Amino acid sequence: MTVSGWVAALIIQCVTDWLSKVPIAWITGVFIVLLTPSVVTALTGAPRVWKHVARFLLGVLMASSIWLFVVTDAWWVRVVLVGVYFAVKIPLDRRRRAENQKILKLNSVKSPTGKHRRR
């Protein structure tokens, strides 16, 4: 889904060149709208269909961010893009790893011989 979002973003950008025509304030709003579903689905455990939509939108955001990073002349925009990337990515990665560890512990039970077996 993320890759299809990338493709969609690249097609939209090539056809419209919107990142060079729209003011940064509007682009910021669009980027917030594109990022919000990913954060919400990660924090709430949303159904799979919503996670697919969030991943698609995240792909659009990623491709658009990289494109904007390259075409912008404003260094502060580049700093904000990198900062937001790490500010969102690191906590969500940690949360996902902790949830995966919890799932592994729930699915693994020690047998009397000391070996792990799956339920």
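Before moving on, here are some points about what is shown:
- Flag for Phe56 being touching a residue at least 12 places away in the same chain (Cβ under 8 Å) and surrounded by 16 or more Cβ atoms within 10 Å (Cβ to Cβ): yes
- Residue match in region 77-98 (condition: modelled with pLDDT under 85 and more than 19 Å from the chain's Cα centre (by Cα)): no
- Condition check for Thr41: more than 21 Å from Val7 (Cα to Cα), under 12 Å from the mean Cα position of the chain (by Cα) and at pLDDT 85 or above: yes
- Filter result (within 22 Å of the chain's Cα centre (by Cα) and either in contact (Cβ under 8 Å) with a residue 24 or more places away in the chain or outside any helix (DSSP H, G or I) (or both)) within region 13-29: Gln13, Leu19, Ile24, Ile27
- Residue-level check: of (1) outside any helix (DSSP H, G or I); (2) of a type in the set (D, E, K, R); (3) under 16 Å from the mean Cα position of the chain (by Cα), Lys51 misses just (1).
The values are calculated or read from the model by the stated rules, or taken from the named source; none is laboratory data. Only a predicted model underlies this, so the values are computations on that prediction, with no experimental measurement involved. With ideal geometry, Cβ positions are generated from the backbone for all residues, glycine too; neighbour counts draw on all protein chains shown.
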